[in-house]
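The values are calculated or read from the model by the stated rules, or taken from the named source; none is laboratory data. Bear in mind that the values here come from a model prediction, so they are computed numbers and not experimental data. Backbone-built Cβ (ideal geometry, glycine too); neighbour counts: all protein chains shown.
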Amino acid sequence: MFQSLRRVSGRLVFVLPIALGGGLTAPVFAGQGAEDESRFLSRIRRLTVEGRRAGEGYFSPDGKEMVFQSEREPGNPFFQIYLLSMETGDVRRVSPGQGKTTCAFISAKNGDILFASTHLDPRSLELQREEIEFRESGQERRYEWDYDSHMDVFVERRSDGELVRLTDARGYDAEGSWSPDGEWIVFTSMRGMFEGELSERETRLAEIDPSYFGEIWTMRADGSEQRRLTHVPGYDGGPFYFPDGSRIIWRRFSEDGLVADVWSMNPDGSDQRPLTDFGAMSWAPYVHPSLEYVLFASNKLGFSNFEVYLVDVAGEKEPVRITTTDGFDGLPVPTPDGTGLAWTSTRHGGEGGQIYLADWDHEAALAALRSAPSRNEPTETPQ
Amino acid sequence: MNRRRQTLIGVSLVLAPFLTLPAAGQTPEELRDDVLALTGPGTEGRAVGTPGAAAARRYLVSELEAAGARPLPGQDGLGIPFRFISGVEDRGSSLRAGGHKRFGSDQVRAFAFSETGEVRGELYFVGYGIRVPENAGVSYDSYAGHEVRDKVVVVLRHFPDGVEDETRSVLNRHADFRSKASAARDQGAAGMVMVTGPGSEGAGELAPDGFDISAPGSQGILAVSIDGAAGDRLFAGTGVSLAEVQRSLDAGEVDAGSFPLPGFATLAVDLERTPASGANVVGILPAADGSLDPPYVAVGAHYDHLGMGGGGSLNPHGPPAVHPGADDNASGTAAVLALARTVADSPLARPVLVGFWSGEESGLLGSRAFIRNDIRPDQLAAYINLDMVGRLEENRLTVQAMGSSSVWPGIVERANVPGGFDLALSDDPYLPTDSSAFNSESVPTLNLFTGTHTDYHRPSDTADKLNYEGLARIARFTGLVARRVAESDPVPEFVQVERAPETATSRVSLRAYTGTIPEYATEIEGLLLGGVMAGGPAETAGLRKGDVIVEFAGTPVLNIYDYMNALEAARIGEPLTVVFLRDGERHEVTLVPTARP
C-alpha cells in the first residue's frame, strides 16, 4: 500500500481514491489545533468541472491564461493538456489528444507551452484502450503514475502552433517548467536507468520503482545543453525556478522513498538545502512571487491527509498549515500577482481532484510566518 | 500535427468559443427593485390562482414586454393560463345503517379522493383495513379469510399500536387513507368507512379529507370518515365495543377484528372538485440574427409562493400571514428577469424562452401544464431553472441536474471561470422544483440553488435578507450558461438519469427493479409512464413512454399510489403480468424484475 502511495510524481495530481477504505481517508485533525483556512483563503471558487480529474494548473505571467491537465478527452482515459482563458472560460486542448501527458507550463517570453507526452509511443492508443477496458470492468485501483519511459518534453510554439520535441532520451523526461526569462527549462529525467551499468539492486529498482532514478536536469529552450543537477539516490522531481530565476525549488525523496522534503538549489545545482524536515511526504513546492515563502503539500497530519502548507523561503521557520478542509489539498500555485492561490482538491467529494482558486491573503501569510517557531538549522548536504 | 488541428475543429463544433462576454448585466440594486415589487403590497404571497399572484404576473408581463419579449407562437400574450383542481367540497355525504342509524354531514366527511355516488351493501368491519403485500417482510392482512365483495367495509384509522418498530414502519406505509381505500376497492368492497378508534390519537375525530392538489383524482371507491359516536353506534348489537376490538387488534391479534356488523348500509357521497386556474408568463427573446424559431434556450423560475400560509407553510399554527417568499422564489424570478433584459440587449445565438411558472408550491402545476400543453419538448434546447438563489453564502452555489446532459460539466466549468462560484454539483435531476417537469419530458435541465435556511416557507422569508450582489452574479452566471447552450450545435443531448429509490419505497426498490419511470400528478386513470430505463425490465418487456399501466401483478392500478403498493409484490426474476393501455388499446406483457443495476 505504501509502496504505491509514495509514487507521487513531481507535480502530478495525486488523487486519493474514495475506495481507499478503512480509516485512511479520514482527515486527522484531532489535536492539530489548526486554524481555519479562511485566515488565508477567501472567495473559494471551483475552476474545473469537466472530466474525471484535473490538476497542475499554472498561470501565464499576465494571469490571463492557465494551462492544466485533465482526464476529459473522449476515448482517452489519460491526462491531456488544456489551456483555459481566465477571462472568458474558453478551453482548448493543447496536447495531441493521444497518449499520456503531464506537467505543462507557459513561457513568459513568448507564451510557448511546454508539456510531456507519450503520443509518439506506437503503443499509446493500445494503452488507452486497455485502460478504458480496465475501468469499464468496474475494478478500482489506487491512482498511480507509471513514469512511462516514452514520456518526452514537447513545446507548442505559439507563433505557428507547431509542436516541437525537446528531449528524446530513453526514459521518462517530464515535470518541466520555464525559467522566468523563458530561456531555460528545468525538468525531471529518469534516463539514468537506461544508461551505463546498473548494479543488481538498481536493476531490481528499475523494474519496481523507476522513480528511484529521477534526477533534476536543465536545458535551453531549444532542448540543447541538457545537464544533470542532482546526483543523490532516490527520486528528485517537480522542479521550478524561483520567480526571479535566482534558484530552483524541488522535492527530494529519501533513498527508500518513504519521506520527501522540499529543497532549493542554485540554477547550476550548487548549494542544495532542505526547507522542510517533517519526516513525512512534503512535495509540490512553488515559490510565492514575493519570494518570501514557499507553498507546498504535505501529509504531515496523516498518511493520506494532504494539506497545503507554507514555509519561509530560507526554511528557517516551522511550516504553517493553510488548508483545513476534508479531502486532498495540494499542488498549490499562486497567481502571478500573488493575490490568488490555485490548488488541486477533492473537497467537493468527487473521486478525482479538481482545480480551485481563491483570493490569497499575503499579509496574513507573512504574519503567520513571523509568528511561526524557528526550525533547526538546515543542514547542507553534498551535491 | 494534422490530427491535432482536426480534433481542435471537432471540439469547436461542440462548444464554439466566444470572444465577447455579455454585458455586465443587471446591478444588485435593480434586482432588489424587482424582488421588492414581487414581494410588495398587493402581491400577498403570490399563491396560485389568487389576486396576489395576478398582481405579480402583471408586473412580470409588463417588464418582459418592456424588454421586448414576444408571445410564444400560437399564444395571444405573455400570460398562458392553466387549469387545476384547487380543492374539493363535500356537499353532503351520509351513511345509513338500518332504519335507525342515520348519520349526516355533521358526522360523515367524504375523503377528497372518493368517488361520488351512492352504494348499498352489508356492513363489514375489517380492523385496520391494512393489506401488506406478500413479500414486504411483514405479514399483515385485515381481509384474510373474509369476503367483502359488494359490502361496505368499516376500518380503523392509523395502524395497530404496540408493534415492533420494523413492523411499524411497514404497516405505516400501508396505512394511509388512499392505501386503505385501494385495499378495500381491490377486495371488491362497495365503499369504505373509516373511524378514528377510541384508543388512537384524535379519538373519535373525523379524518381530514386528504386532498392532494397535485393528485386530485379519485381512488375508485366511495370513501368517508365518520366520527366516534357514529362508529360506536355501528357496533351496537354486536356484543363487543369498538374500544375492546381495538385493544385486541393493538395487542397484535389481526383476526380479532374482522366480522360483519349488523344492518344494511347506504353510503352516499356528494363531492365536488373545485376547478381553478392559474397562469404562467412566457416570453420569447429573439436570437442575434432576429430568429424566433425553436429550439429555444429556456430559462425559468416559479413566481408563486404560499400566499397567507396554509398547507405548505412551516408556520402552520400561526395566524394567517403574508408569506413573502423573497428567496422562494422572488429571487429566481428577479434573476431570470435580469437575464431577460441582458439577453434583449445582447441576444444569443438562439432565441431564449423565458418562463415564470405558477403553482410550483402546489406541485409544479404551472410548469407541468406548460410542457404538456403549450410546447413540444423538442423545441427546447435545454431548460435552466432558478429556485431559491437569493441567499448566497460563502460563495457556495449549488448546481443540480448535472447528469441530465453530457454537455453540462463543460458548460458549467466555462461559465464558472468568470462566474467564480464555489460550486456544489449534483447529477440528480429529480428535484422538488419545476426543472423536474422538463426532465420528465426528456429536456436537459439545470437547477441553481443557494441552499435552504430557517426562514424557508415562513413569513420571515423577506426581501431584506437576500444577498443581492450574489443574486446579480448568479443572474450573470446563468446568462453565461445560456449563452453556451445557445452556441451548442447540435443542441445538448438528453441523458436519462436513473431515479434514486425514494425513502418510502427504498426497501422494495432495492429488492426488485422494473425500470419504469412513473409520471406523477396526472389526471389519467392508471399509471402514465414518463419513460422507461434503457435496457431495464420494462423496456425489455416492450413498455415505453406514454403507456398507461392499469394493472400490475394482478393488482389494479388507478394512480401512482396504487402503483407504489403494487411494486412491493415484484420479486427479482419472477415474471409478472403488466396490463397497459397504448393508444386506447389494452395490452398485456410479461415483465421480469431484476436486481437494481
(request) Quick one: in region B:412-454, of everything that is crowded, with 19+ Cβ neighbours inside 10 Å and under 30 Å from B:P41 (Cα atoms), which residue is farthest from the other protein chains (Cβ to nearest Cβ)? (result) B:D434
(message) For a quick check of your reading of the model, give me the residue pairs whose first member lies in region B:218-242 and is among the hydroxyl-bearing types (S, T, Y) and at pLDDT below 95, whose second is assigned to a helix (DSSP H, G or I) and crowded, with 19+ Cβ neighbours inside 10 Å, with beta-carbon atoms closer than 8 Å and at least 6 apart or on different chains.
(response) B:S241/B:F235
(request) Check B:R372 against each of (1) more than 27 Å from B:H453 (Cβ to Cβ); (2) in contact with an Asp or Glu (Cβ under 9 Å, 6 or more places away or on another chain); (3) buried (at least 24 other Cβ atoms within 10 Å of the Cβ) and name the one condition it does not meet. (result) (3)
(request) Take B:D186 and decide whether it is under 28 Å from the mean Cα position of the chain (by Cα) and either among the hydroxyl-bearing types (S, T, Y) or over 25 Å from B:F264 (Cβ atoms) (or both). (result) no
(message) Any residue that is aliphatic (A, V, I, L, M), in the same structural domain as B:G419 (by TED's automatic domain parsing), in contact with a Gly (Cβ under 7 Å, 6 or more places away or on another chain) and buried (at least 22 other Cβ atoms within 10 Å of the Cβ) - is there at least one of those in region B:348-356?
(response) yes
(request) Give A:R135, A:R201, A:R129, A:R227 a once-over and let me know the one that is surrounded by fewer than 23 Cβ atoms within 10 Å (Cβ to Cβ) and at pLDDT 95 or above. (result) A:R227
(message) If B:F113 meets every condition in (1) in the same structural domain as B:G263 (by TED's automatic domain parsing); (2) over 28 Å from the mean Cα position of the chain (by Cα) apart from one, which number is that one?
(response) (2)
(request) Look at A:G330 and say whether it is over 26 Å from A:P274 (Cβ atoms) and either within 14 Å of chain B (Cβ to nearest Cβ) or not in a loop (DSSP other than H, G, I, E, B) (or both). (result) no
(message) Looking at B:T594, B:T577, B:T540 in this structure, which one is in contact with an Asp or Glu (Cβ under 7 Å, 6 or more places away or on another chain) and more than 16 Å from B:P518 (Cβ to Cβ)?
(response) B:T577
(message) Please go through region A:218-269 and give me each residue that is closer than 27 Å to A:P61 by Cα and of a type in the set (S, T, N, Q), ordered by number.
(response) A:T218, A:S224, A:Q226, A:S246, A:S264, A:N266
(request) Please state which of the following conditions B:V297 fails to meet, knowing it meets all the rest: (1) free of Cβ contacts under 8 Å to residues at least 24 places away in the same chain; (2) crowded, with 24+ Cβ neighbours inside 10 Å. (result) (1)
(message) Which of the strands (runs of 3 or more DSSP E) found entirely inside region B:79-170 contain at least 3 residues meeting this: surrounded by fewer than 24 Cβ atoms within 10 Å (Cβ to Cβ)?
(response) B:79-90, B:101-103, B:117-126
(request) Count, please, the residues in region B:375-398 that happen to be out of contact with any Lys or Arg (no Cβ under 6 Å at 6 or more places or on another chain), surrounded by fewer than 23 Cβ atoms within 10 Å (Cβ to Cβ) and within 14 Å of chain A (Cβ to nearest Cβ). (result) 5
(message) Checking the structure you have, find out if any residue of region A:119-140 is touching a helix residue (DSSP H, G or I) at 6+ places or on another chain (Cβ under 8 Å), farther than 19 Å from A:I185 by Cα and within 11 Å of chain B (Cβ to nearest Cβ).
(response) no
(request) Kindly state which strands (runs of 3 or more DSSP E) lie completely within region A:37-104 and contain at least 3 residues that are within 12 Å of chain B (Cβ to nearest Cβ), touching a Gly at 6+ places or on another chain (Cβ under 7 Å) and modelled with pLDDT of 95 or more. (result) A:65-70
(message) Looking only at strands (runs of 3 or more DSSP E) that lie completely in region B:217-319, which have at least 3 residues being within 26 Å of B:E441 (Cα to Cα)?
(response) B:271-285, B:296-302
(request) Could you figure out which of (1) farther than 14 Å from B:V299 by Cβ; (2) out of contact with any Asp or Glu (no Cβ under 9 Å at 6 or more places or on another chain) isn't true of B:M402? (result) (2)
(request) For residues that are more than 17 Å from A:E87 (Cα to Cα) and buried (at least 23 other Cβ atoms within 10 Å of the Cβ), scanning just region A:333-359, find the one that is farthest from the chain's Cα centre (by Cα). (result) A:T346
(message) Here are the criteria: (1) under 16 Å from the mean Cα position of the chain (by Cα); (2) modelled with pLDDT of 95 or more; (3) more than 10 Å from chain B (Cβ to nearest Cβ). Tell me which single one A:L12 does not satisfy.
(response) (2)
(request) Kindly provide the set of residues from region A:89-109 that are at negative phi and either of a type in the set (G, A, S) or more than 23 Å from the chain's Cα centre (by Cα) (or both), ordered by number. (result) A:D90, A:S95, A:A104, A:S107, A:A108
(request) Please specify each residue of region B:263-284 satisfying the condition of being under 18 Å from B:I226 (Cα atoms) and modelled with pLDDT of 90 or more. (result) B:F264, B:A265, B:T266, B:L267, B:A268, B:V269, B:D270, B:L271
(request) Among the residues of region B:1-39, count how many are within 17 Å of B:F356 (Cβ to Cβ) and either facing another protein chain (nearest Cβ under 10 Å) or modelled with pLDDT under 95 (or both). (result) 1
(request) Return yes or no: is B:V497 part of a loop (DSSP other than H, G, I, E, B), in contact with a helix residue (DSSP H, G or I) (Cβ under 6 Å, 6 or more places away or on another chain) and either at pLDDT 85 or above or farther than 22 Å from B:G363 by Cβ (or both)? (result) yes
(message) Could you list, ordered by first residue, the pairs with Cβ atoms under 6 Å in which the first is in region B:556-580 and in the same structural domain as B:G546 (by TED's automatic domain parsing) and the second is of a type in the set (D, E, K, R) and part of a helix (DSSP H, G or I), at least 6 apart or interchain?
(response) B:Y561/B:R178
